[in-house]
Amino acid sequence: MRFASPVFLALLLIPLYLGWRHWRLRHRPPAERLAFPLLRLVRAAGVTSRSRWYRLPAALSLLGVVLLITALSRPQVPGDADPTRVRSRNIMLILDVSSSMKATDFQPGNRLAVARDVLRQFIKGRQGDLMGLIVFSSRAFVQAPLTTDIDVLDRLVEQVEIGMLPDGTAIGTAMALGLSQLKTLPAKASVVVLITDGANNTGEPTPRQAAEAAKALGIRIHTIGVSSPDTGSIALNGVWSLRTLSGRLSTRDEAALKDVAARTGGQYYKATDPDMLRQVMAEIDPIERIEVEISETRRYHELFPWLVSTGLSLLLLEMLLRVTWLRRLP
């Protein structure tokens, strides 16, 4: 039960005070009275059945007032839950910010800059979805908790930079953190999208262990490997860069990402240039727009009429008793 206007419940202090005051003064004689000490015959006559109910009118009036005040607060009880079909999804984005993401094989900028721009485009097209962002290197943390505010999420994605965390690639740790954000939400409507260019080399649990946890929860994980077939170039500063093979996804690295996706019912994608990364996110978008049926209570039954009718009936009964069966002489 809920109250639509709970502020009126404060008025209940009035009848409670009146009831307490009446109880305190129940045996106190009135301030002005006539005493007839010689009329012992009246006291010896005993108590009639009618006199035992002389407090009933006061009790009825107090109870009637309590019900009327409670009616003002509009108590409501939930009705039947209505099935509703929605297209909203719970999406946790996981982005690699390790040093290898500095590679400039994705132009313009580097891998992280391109991935960041693609994610921002993806976010802007997911109106109504619950989305969050986790960034990771040797550690992982929640850059943006799950939210439907795409403007706030867009700004937080824009702030992601390499060097936010010590270097490394803790894929399993990031996946476990993402699952912890989704585990209390409907599994059928939840998904993790992982973007990385390397292999897990630190942290706990391992990607396979995290994938098994996702499988147990019923949450899919889509993995995206970003790496060009050519040697990667990692920018050292504004002038110099270093040509290296360390930023390239090996066959073993791809196999690990494919294994994670396969175990959870997701898909593995390989993006070798910015256009392909955009195409991958475009492919994921319709997959994760499956309608989900949820039960939502939208109707509430008002108890106001019952309380008002009962309260007024009690007050009317109190008035009738005072002028008929329980009438009192002045």
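The values are calculated or read from the model by the stated rules, or taken from the named source; none is laboratory data. Please read these numbers as outputs of a predicted model, since none were measured by experiment. Cβ sites come from the backbone with ideal geometry, for glycine too, and all protein chains shown count toward neighbours.
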- [ ] Just give me the residues in the stretch 281-306 being touching a His at 6+ places or on another chain (Cβ under 9 Å) and either buried (at least 16 other Cβ atoms within 10 Å of the Cβ) or at pLDDT 70 or above (or both), in sequence order.
- [x] ILE284, GLU288
Open item on the list: List the residue pairs whose Cβ atoms are under 8 Å apart, where the first residue sits in the stretch 183-204 and is assigned by TED's automatic domain parsing to the domain that holds ILE224 and closer than 23 Å to LEU119 by Cα, the second is loosely packed, with under 15 Cβ neighbours inside 10 Å and among the charged types (D, E, K, R), and the two are 6 or more positions apart or on different chains.
Closed with: ALA199/ARG252
Open item on the list: What are the pairs with Cβ atoms under 8 angstrom where one residue, in the stretch 128-152, is of a type in the set (D, E, K, R) and the other, located anywhere, is in a helix (DSSP H, G or I) and at pLDDT 90 or above? Sequence gap at least six, or different chains.
Closed with: ARG139/THR173
Open item on the list: Looking for something of a type in the set (Asp, Glu), without any contact (Cβ under 8 Å) to a residue 60 or more places away in the chain and either assigned by TED's automatic domain parsing to the domain that holds GLN267 or not in a loop (DSSP other than H, G, I, E, B) (or both) - is there at least one such residue anywhere in the stretch 212-223?
Closed with: yes
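ARG252: at pLDDT 65 or above, closer than 30 Å to SER190 by Cβ and exposed (fewer than 11 other Cβ atoms within 10 Å of the Cβ), yes or no?
yes
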Task: strands (runs of 3 or more DSSP E) within the stretch 15-131 that include 2 or more residues modelled with pLDDT under 75 and β-branched (Val, Ile, Thr) - done: 82-86
Task: Condition check for GLN159: crowded, with 17+ Cβ neighbours inside 10 Å and either more than 25 Å from GLU254 (Cα to Cα) or out of contact with any Leu (no Cβ under 8 Å at 6 or more places or on another chain) (or both) - done: no
Open item on the list: Against the condition at pLDDT below 90, under 24 Å from ARG278 (Cβ atoms) and loosely packed, with under 15 Cβ neighbours inside 10 Å, how does THR148 come out, does it pass?
Closed with: yes
